[in-house]
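Some notes on the structure that comes next.
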Amino acid sequence: MDGVLSGVAEPGRLGRTSLPDGRALGWAEWGPEDGTPVLLCPGAATSRWLGFGADVVHALDVRLISVDRPGLGASDPQPDRELTDWADDIAQLFKARGITKPAVVGFSQGAPFALACAAAGITGSVALVSAGDELAQPGFADLLVPDVRRTVELAVNDPGAATELFAGMSADAMWDMVITMSGEDDRAVYTDLAFARAYRQAMAECFVQGPAGYARDTVLAMRPWPFDLAAITVPVHLWFGANDTSPVHSPDFGESLAQRMPTAQRTIVDSAGGAILWTHSERVLRSICPR
């Protein structure tokens, strides 16, 4: 139900699928196996383990599929990967599993990875939730807090140094940073006992291979994105909570991001924060899976 913490549960199914180049991607699923497929691109420093809407996926006939990015969780590493490589991986993964053009949800730092898939033409509708924006866009320079602005500049100008910086992150440090940056609404969600258990497990699993996968993710998200947003033709739904205080989500709540995509529509929920994926799960899923 909207406005309350939606069900967080252990995955119904876990697996790994081999790709043509010999690597494998780890995935988790919730909901009916024959339901409408929805790909989840998780947020920063989390893994396949943390889904959303576990209490509504069966009623909505949604097969939610969360996939670990290379070097995170159960997915093999891919050094020097790019955002477009993620779209290639997902295309191969779903070909192997017999899935065609799923809807896709990108949460927080997962947004550019979801958009990479849409730009490659391999998805249906897209939902971007508390989306990380293309922070390297010049128009954002004066809107970012100084620490974030300096980090973005480092990622753009010296990605090697940025990678070293991000490689200092750990699961515990990430948890502390999220709680510190969150407003009261989001802290209430993140510190809920059941949610915190799942969230921290997803963080721990993210770093099980070390910090390199997270570091590469963050460099890719902060550098200019290598695809044309204006060329995305599927419907894109942007969801933001008005009480989102995160300095690394979109600094204008997705206004300029929506303007760059001709099929985009943006919804700002007054009563929500950055944890809107879990407090308004049903609305998010219905926007991309109307039936």
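The values are calculated or read from the model by the stated rules, or taken from the named source; none is laboratory data. It should be emphasised that the depicted structure is a prediction, and the values quoted were computed from it without experimental measurement. Every residue, glycine among them, receives a Cβ derived from its backbone with ideal geometry; neighbour counts consider all protein chains shown. What goes into the accessible areas is simple: the full protein's heavy atoms, side chains included, and nothing from ligands, DNA or RNA. Shrake-Rupley method; radii C 1.70, N 1.55, O 1.52, S 1.80 Å.
With loop defined by DSSP as not H, G, I, E or B, and exposure as at most 16 other Cβ atoms within 10 Å, which is the longest segment of the chain clear of exposed GluC sites (Glu not before Pro)?
83-291
Within segment 192-215, what residues put their amide N at less than 14 Å from the label point 7 Å along the Cα-to-Cβ vector of Asp172? Within reach of a label on Asp172, which here means backbone N under 14 Å from a point 7 Å along Cα→Cβ, segment 192-215 contributes 204. The alpha-carbon positions of segment 45-86 define a convex hull whose volume is 89 Å³ per residue. What residues of segment 26-55 lie in the reach of a label at Thr100, counting those whose backbone N is under 15 Å from a point 7 Å from the Cα along Cα→Cβ? It comes to 36-37, nothing else. Distance between the C-alpha centres of segment 236-291 and segment 49-90: 19 Å, rounded to the whole angstrom.
Label positions at Thr245 and Asp228, each projected 7 Å from the Cα along the C-beta direction, are separated by 4.2 nm.
Cβ-Cβ distance of Val208 and Asp142, R₀ of 25 Å, FRET efficiency by 1/(1 + (r/R0)^6): the value works out to about 0.05.
Derived scalar couplings between HN and Hα for segment 222-237 equal 8, 7, x, 7, x, 8, 9, 4, 5, 8, 6, 10, 7, x, 10, 10 Hz in order, rounded to whole Hz, by the Karplus curve 6.51 cos²θ - 1.76 cosθ + 1.60 (θ = phi - 60°), x for Gly and Pro. If the chain linking Ser271 and Thr84 were pulled fully straight, counting 0.36 nm for each residue of separation and taking away their Cα-Cα distance, it would gain 63.8 nm. Distance between the modelled labels on Ser18 and Ala161, one decimal in nanometres: 4.3 nm (7 Å Cα→Cβ projection). Shown here: the chain, whose C-alpha atoms stretch 46, 46, 40 Å along the first, second and third principal axes, sorted largest to smallest. Counting only heavy atoms of the protein chains and using a 1.4 Å probe, Leu19 has close to 10 Å² of accessible surface.
Please sort 100-109, 207-216 by packing, taking for each peptide the average over its residues of neighbouring beta carbons within 10 angstrom, highest first.
Details: 100-109: 23.7, 207-216: 19.8.
Peptide ranking by packing, descending: 100-109, 207-216.
If you bin all the Cα-Cα distances of segment 33-178 at 5 Å, starting from zero, the percentages per bin are 2, 8, 16, 21, 21, 14, 10, 5, 3, 0.
Going 7 Å from the Cα of Ser256 in the Cα-to-Cβ direction, what parts of segment 133-166 have a backbone nitrogen less than 19 Å from that spot? Answer for this model: 133-157. Net charge dipole, the chain: roughly 680 debye, given to the nearest 20, about the Cα centre with Cβ charges of +1 for Lys and Arg and -1 for Asp and Glu. Distance between the C-alpha centres of segment 109-149 and segment 219-235: 7 Å, rounded to the whole angstrom. Taking every DSSP beta bridge that has both ends in the chain, the antiparallel portion is near 30%.
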